[in-house]
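Worksheet: the structure to be examined is printed underneath.
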Amino acid sequence: VSKLLICKFVYGICRYSYMSSTISITRLIDTLEYCILLGLTFIILIFLLHIIQVYFNKRRLIAEEKIDEFVRKYGYSYDYVFVFKVYVENEINSLNEMQQMYTMKNILDRCQSALIETKCFYSCQRDEIYVKMRIHPSRLKLEADRIDYKLLLDPRNLKDTAKAGYVTKDRNKSVVVWKPINITDEYNVSPYDPYEFIYGKYDTSDQLQHLYTKYPAKLNRVHPFREVDRIRLLLSILEGKIHENPPGCGLDLQSLEINKVVLAHFPLHNYEELVNIEKEMLKVVVNWNDGIQIPLNRIKDYFGERIGLYFVYLQFYTQQLMLPALIGTVVFIVSVIYQSNEGIMNPYFAAYSPVWSMIFMKGWQQRQSASAMKWGAAGFEKEEKVRPQFQGIETTSPIDGSYMKYSTENKALIVLVIWMVILVFIALDIGVVIGLIFLESYLSQGSVESSFALENKSFSSFVTATVLTVCVSVLSDAFFMVAVYLNDFENYRTDTEYENNLVLKVSVFCIFNAYTYLTFIAFVKPFMNYSCVMGSCYEELSNTLLVLLSYSLFAGVFKEIFLRMVQQYYKYRKEASSIEPGKVMGVIEEQYILSDYRALEGTFQEYSAIVVRYGYATLFVAAFPVAPLITLVTSFLQIRIDCWKLCTVFRRPIPKNAEDIGIWEDALNAVSILAIGYNFGLIFLTAHYLIDTTWETRWVYFMCSEHLMFFVVILIAVSVNRVPTEVQMQLERQTFLVEKVIGNAADEAEEEFIVEEKTHNITIAETDNDWEFPIDEEDEDEHIVAGGVDEEHKSSAVGGKYAHVHDESTSFDDDFH
């Protein structure tokens, strides 16, 4: 059945790609065939994922971890593991300098000094030693206090503490440090309770322990630290300096792994929680009121905020695609009914697409900031530490005098060299496009075309599009490896700087790589003395997009599921073949066989694919309205596939924090802006809607429409805040409450002013007589004659050049005259 479906699907794609534009019923039937096969394939893949889930869960539940005294008392067991190689005698002399310095005994001694409990055991083949690690709760609290680790505060206890205020005693006298706090939202400005989603730094003070949210553990135990918190604190101790109080281990874990000191180090899976996440993620649940249901909080608490935020974006993106997918399907059906490749509704859909893109991006910014606030990740980048891989000299900070690492490298020269390498790859991509042009020209010749004919339709466009998909995939993978090497060479200080610059390089090339040939078909080919294979560049662009999107859907699924399953199967067989009879591979040994998941590289590849598909769904919808529908199906599958990979194929990732998706957001914004020019260019310049008008008129229509749409998009961007008012309000509440309740910041002193009541007499002058004006002699004489000055005031009028008339009946200030 699978072979039949695959063959039928390929046949359906070919028929759809070259259907006749004059036979409407045939085109409609072929379209329905493609949609039905797409749905059947989707159902089969979901069913396959459920089978795989059941198989792996059965293997996991065979063994159960023993409950020792530590677990019985504190409710949790080992969280982390190091894997060391067992060397034979002839290999000891070939050890490198770092392997000789950091022996297993040296590392275990450091762990013991840092109060890390360890347990060692051999593998089944006795060629590896596994060192499990866990930390006593009291040591976790000390480390959390040392690094000011942020924890969620319990809303009810926080409210009670805030209402009580804080009073201390000074020489048997009560002093109010801060008065009782009672926050109310009378006009319901914020949907959040004033005391929820408040995160504060951990403090070991006994008076503050009730403030921190308690999480359930095994055997009905509760702790303020989740599993992901324990793993982060353990890593902080391993990488902490030896001379600190309490002391750390002083280990650079990435350097240890690169220099083969340890074969691997990774957090251990909690299979009970992992199975629950899988069950919820592999369910196909769509609620039209709440959208796609994903256990985001569970994912965040198990894998960390970075991976959790990726699934937040994937959920939001998939939900927002539903409306354009529905509209695009209607537009496509209308074009089929009217037997037109350039449908009458395509221009309206092209105008709608950029508006949807900007609304989507502004909605995502607000959703992202809300998630960062709820998860305590807001402001994370400001508090980020220096990467252990950052190379520099030890010096003092010119700002605060503290010790810091400073890089003396010439950044400008390094950046210049790196961008020259990127330009070389872009030139290589242009060469691929030129090669595709010649390939299509060769296949379009009569003798060759007839040999590749399918139902009397040209096959050259399909072959060219297939070669294009392979070239795009190969070049993207090759450039990613080069970009990682170049980024390491640039020596960035923090993980965020490292990732943002890597994303910048890869996104620039990926956008150029994915859309160059499509741009050539849409805007260059129609104006060359070079006929399109399908008779219409509009039609050829549509068919090329169909092949690209189909490849990203089915080839991506094949690569992510089947190839990884085969790879995992042979790794397990290879490891199990050397096990002596009667021995069984342990649970931790099976986790070691799994692939290593790098939080940066893992989400990086996924975001890169999402940006490319986002461009397919927004840049060219005028020519291919069903692109959002195929992208929706792909994203819906991607949610399940990514969860399956995390739970089954990879070891547990090291949890990383993140408050946003970084430069990927800028890449998506760039694609949204390009969508304006691309879609209106397709309507007014490439399509035949205005075939009877002059080119000058078409360019005028294009420029006016494009500028008008830019104005609308900018208006949307300016009118919608990046951070919603209620989120900003909650962050300000957090700052205020944490300063008072945990920091015990004193209230500002209130000064009392005594106002004495006095009675003052008020005198009002006839005019403002604080000014003197010069009077000319002629004016003076006229003034005297005309004014009828009496004897009493004559002296004041004639007495000099400056005259000042006094009225005894009026009170005025005598100090000025």
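Quick notes on this one:
- So residue 553, is it among the aliphatic types (A, V, I, L, M), in a helix (DSSP H, G or I) and open to solvent by 30 Å² or more (accessible area, probe 1.4 Å): no
- One residue stands out among those in the range 145-202 that are among the polar types (S, T, N, Q) and more than 17 Å from residue 737 (Cβ to Cβ): the one that is surrounded by the most Cβ atoms within 10 Å (Cβ to Cβ), which is 168.
- Yes/no for residue 394 being touching a Lys or Arg at 6+ places or on another chain (Cβ under 9 Å), open to solvent by 40 Å² or more (accessible area, probe 1.4 Å), at pLDDT below 85 and under 21 Å from residue 658 (Cα atoms): no
- Matching residues, the range 501-531, being part of a helix (DSSP H, G or I), open to solvent by 40 Å² or more (accessible area, probe 1.4 Å) and of a type outside the set (A, V, I, L, M): 501, 512, 523, 526, 527
- When we screen 296, 211, 282, 274 for residues that are in contact with a His (Cβ under 7 Å, 6 or more places away or on another chain), crowded, with 16+ Cβ neighbours inside 10 Å and over 19 Å from residue 108 (Cβ atoms), the only hit is 282.
- Whether a residue is open to solvent by 10 Å² or more (accessible area, probe 1.4 Å) and among the β-branched types (Val, Ile, Thr) was assessed, and residue 673 passes this test.
- Any pair with Cβ under 7 angstrom, 6 or more apart, that starts in the range 579-590 at a residue that is in contact (Cβ under 8 Å) with a residue 24 or more places away in the chain and ends at one that is among the hydroxyl-bearing types (Ser, Thr, Tyr) and not in a helix (DSSP H, G or I): 588/130; 589/123
- Failed criterion for residue 656 (all others in (1) under 14 Å from residue 603 (Cβ atoms); (2) open to solvent by less than 20 Å² (accessible area, probe 1.4 Å) hold): (2)
- Count of the range 185-214 residues which are farther than 11 Å from residue 154 by Cα and of a type in the set (Phe, Trp, Tyr): 3
- Residue within the range 642-651 that is in contact with a Ser or Thr (Cβ under 8 Å, 6 or more places away or on another chain), open to solvent by 10 Å² or more (accessible area, probe 1.4 Å), touching a residue at least 12 places away in the same chain (Cβ under 8 Å) and farther than 30 Å from residue 343 by Cβ present: yes
- Just one of the listed residues (84, 121) is of a type in the set (Phe, Trp, Tyr) and open to solvent by less than 20 Å² (accessible area, probe 1.4 Å), and it is 84.
- Residues (closer than 16 Å to residue 144 by Cα, open to solvent by 40 Å² or more (accessible area, probe 1.4 Å) and of a type outside the set (Lys, Arg)) located in the range 228-246: 239, 244, 245
- Remark: residue 503 matches the filter, which requires a residue to be within 30 Å of residue 414 (Cα to Cα) and at pLDDT below 85.
- Considering the range 87-114, the residues that are β-branched (Val, Ile, Thr) and at pLDDT 90 or above include one that is surrounded by the fewest Cβ atoms within 10 Å (Cβ to Cβ), namely 103.
- Some residue of the range 327-347 being at pLDDT 90 or above and open to solvent by 40 Å² or more (accessible area, probe 1.4 Å): yes
- The residue that is modelled with the lowest pLDDT, counting only those in the range 581-605 that are of a type in the set (Ser, Thr, Tyr) and in a helix (DSSP H, G or I), is 603.
- Residue match in the range 618-625 (condition: open to solvent by less than 20 Å² (accessible area, probe 1.4 Å) and part of a helix (DSSP H, G or I)): yes
- Residue 550 being hydroxyl-bearing (Ser, Thr, Tyr), within 34 Å of the chain's Cα centre (by Cα) and closer than 30 Å to residue 688 by Cα: yes
- Elements of type strands (runs of 3 or more DSSP E) contained in the range 95-185, each with 1 or more residues being in contact with a strand residue (DSSP E or B) (Cβ under 8 Å, 6 or more places away or on another chain) and basic (Lys, Arg): 116-122, 128-135, 150-152, 166-169
- Among the candidates 573, 564, residue that is surrounded by fewer than 16 Cβ atoms within 10 Å (Cβ to Cβ) and not acidic (Asp, Glu): 573
The values are calculated or read from the model by the stated rules, or taken from the named source; none is laboratory data. Note that the structure is predicted; figures quoted are calculated from it, not measured. Because the Cβ atoms are built from the backbone with ideal geometry, glycine has one as well, and the counts that use them run over all protein chains shown. In case anyone asks, the SASA skips ligands and DNA or RNA and just uses the protein heavy atoms, side chains included. Shrake-Rupley method; radii C 1.70, N 1.55, O 1.52, S 1.80 Å.
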